[in-house]
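Beneath this line is the structure, given in structure tokens, with notes to follow.
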Amino acid sequence: MELGTRAVHVVDEPLPPGSRPLSVPLVQSSAFAFESAAELADAMAGPDGAYVYSRRGNPTVRALEQTLAGLEGGAGAIAFASGMGAISGVLLALLRPGDRVVAQRCLYGGTHAVLADLAERYGIEVVRISGDDPAEFEAAAVHPATRLLVLETIANPTGRVPDLPGLLAAARALGVVGLVDNSLASPVLCRPLEHGADIVVHSTTKYLSGHSDVLGGAAVFADDELRRRIWPRTVELGACADPFAAWLTLRGIPTLPLRMREHCANAAVLAERLAAHPGVSAVHYPWFAGHPSYERARKVLDGGGGLLSFELAGGREAGRAFVEGVRVARLALSLGGVETLVTHPASTSHRELDGAALEAAGIAPGLVRMSVGIEAVEDLWADAEQALGQRPLGASFGLTK
Ligand SMILES: Cc1ncc(COP(=O)(O)O)c(C=O)c1O
């Protein structure tokens, strides 16, 4: 063959029998080749046959799906391009015009936005509940069109933990699908399927991948029949996981339990020290006695997680000064990575709001959110203290400025 042809058809050496790679191979291929048309046609029949086209399935993505199903105790999973891809994909696949959704009031903003959009454009009714009381859910769910209950294991940034066992049992009794966003807890701290959830969704961008270098999402199903029913809709939507993103997520998962241990230990130390600091008027961390969800967190979680928030007595200006004053932590929006990140909603995501509007949104002007990383805790505390204006640091301290 001519060079032009030989260049296109590079050599694909199969592995000799007996040797397998130790890590999951990255199969970065959009499509898969077959010897016979009949085999290709058979493979196109469903989600679990031979691979055809990577929007429908890919070996690296399937390895991630099966790993996540195993961690959550589910029957199967679908990986997505992002957490919002997973949430939007599941909502669009499950809901029909006229359905009612009962949703916890303090959900992630993106989930609120997609529910509000579905309500406006598709006539889906969304009823909000606190998440503290199964009777409140039952009252909201009496309507025969109630289809879905949406919860988050740990709400962001308040740290509220809903009554997962009570609410999910009530949903099951009424034939309502229970969906839980478990991104902030990760399967290390909570496995909502064990409490009766039907679907768990994740932003794998956060703790599961853990290194702030990839976007991803997933839905894990208690019942494989539901996964098989939803799968064709997600193929149509096209928010599928890219193999390289799935590979990076698989690269992060083996250290998830170790990372979660450090996130939790560091956050607990910082929560305690911040609460004792004169510049801090309130700390919100569910593992911390005095938090409204403390008792429940101790029952349904195996640790308090890495996210905490605190209110600075100096209000909006003190919050801005803190997030601009940190030297080890970084001012950035995400969470769940190995590095500590801080944000100040009143001067970033909510900066258009005046004092009254901030109060209505439940955001104190001096509220700082901290995604506590796995750095040495004394360095994080020294950084927090200097950013609080209490203790100047030596010139050698600080990594980012
Ligand atoms: C609880 C929760 N769910 C979902 C998402 C959305 O995930 P992604 O950014 O991967 O789309 C986020 C993102 O911050 C989140 O915090």
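The values are calculated or read from the model by the stated rules, or taken from the named source; none is laboratory data. Values in this document were obtained by computation on a predicted structure and should not be read as measured data. Here the Cβ positions follow ideal geometry from the backbone for every residue, glycine too, while neighbour counts run over all protein chains shown.
For region 230-349, list the strands (runs of 3 or more DSSP E) that sit wholly inside it and hold at least 1 residues that are touching a residue at least 24 places away in the same chain (Cβ under 8 Å) and either outside the structural domain of ILE363 (by TED's automatic domain parsing) or in contact with a His (Cβ under 7 Å, 6 or more places away or on another chain) (or both); which are they?
Working: elements: 280-284, 307-312, 341-343.
Because the criterion is at least 1 residues that are touching a residue at least 24 places away in the same chain (Cβ under 8 Å) and either outside the structural domain of ILE363 (by TED's automatic domain parsing) or in contact with a His (Cβ under 7 Å, 6 or more places away or on another chain) (or both), the strands (runs of 3 or more DSSP E) in region 230-349 that meet it are 280-284, 307-312.
Yes/no per residue for (1) touching a His at 6+ places or on another chain (Cβ under 9 Å); (2) within 15 Å of the ligand (Cβ to nearest atom); (3) of a type outside the set (Phe, Trp, Tyr):
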{"site": "ILE129", "(1), (2), (3)": "no, no, yes"}
{"site": "PHE137", "(1), (2), (3)": "no, no, no"}
{"site": "LEU148", "(1), (2), (3)": "no, no, yes"}
{"site": "LEU151", "(1), (2), (3)": "no, yes, yes"}
{"site": "PRO157", "(1), (2), (3)": "yes, yes, yes"}
{"site": "ALA169", "(1), (2), (3)": "yes, no, yes"}
{"site": "LEU179", "(1), (2), (3)": "no, yes, yes"}
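Within region 114-165, track down each residue that is of a type in the set (D, E, K, R), closer than 20 Å to ASP99 by Cα and either touching a Ser or Thr at 6+ places or on another chain (Cβ under 8 Å) or in contact (Cβ under 8 Å) with a residue 24 or more places away in the chain (or both). Spell out how you get there, then give the answer.
Our first condition is that a residue be of a type in the set (D, E, K, R); within region 114-165, this holds for 117, 120-121, 125, 128, 132-133, 136, 138, 147, 152, 160, 163.
With closer than 20 Å to ASP99 by Cα added as a condition, the list becomes 117, 120-121, 125, 128, 136, 138, 147.
Scanning region 114-165 gives GLU125, ARG128, GLU136, GLU138, ARG147.
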Would you confirm whether any residue within region 57-71 is within 16 Å of the ligand (Cβ to nearest atom), touching a residue at least 40 places away in the same chain (Cβ under 8 Å) and surrounded by fewer than 20 Cβ atoms within 10 Å (Cβ to Cβ)? no
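ALA171 - would you say it is over 30 Å from LEU331 (Cβ atoms), modelled with pLDDT of 95 or more, buried (at least 21 other Cβ atoms within 10 Å of the Cβ) and among the small types (Gly, Ala, Ser)?
Values: over 30 Å from LEU331 (Cβ atoms): yes; modelled with pLDDT of 95 or more: yes; buried (at least 21 other Cβ atoms within 10 Å of the Cβ): yes; among the small types (Gly, Ala, Ser): yes.
For ALA171, the condition - over 30 Å from LEU331 (Cβ atoms), modelled with pLDDT of 95 or more, buried (at least 21 other Cβ atoms within 10 Å of the Cβ) and among the small types (Gly, Ala, Ser) - is met.
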So which residues in region 112-153 are at pLDDT 95 or above and of a type in the set (Val, Ile, Thr)? VAL114, ILE124, VAL126, VAL127, ILE129, THR146, VAL150, THR153
What number of residues within region 72-95 are within 15 Å of the ligand (Cβ to nearest atom) and outside any helix (DSSP H, G or I)? 5
When LEU68 is run through (1) touching a strand residue (DSSP E or B) at 6+ places or on another chain (Cβ under 7 Å); (2) outside any loop (DSSP other than H, G, I, E, B); (3) under 28 Å from ASP117 (Cα atoms), the failure sits at (3)
Of everything in region 185-209, what is of a type in the set (Gly, Ala, Ser) and within 13 Å of the ligand (Cβ to nearest atom)? Give them in sequence order. ALA185, SER186, SER203, SER209
Got a number for residues in region 249-266 being surrounded by fewer than 22 Cβ atoms within 10 Å (Cβ to Cβ) and either among the aromatic types (Phe, Trp, Tyr) or farther than 23 Å from VAL377 by Cα (or both)? 2
Hits in region 303-329 (condition: surrounded by fewer than 17 Cβ atoms within 10 Å (Cβ to Cβ) and of a type in the set (D, E, K, R)): GLU317, GLU324, ARG327
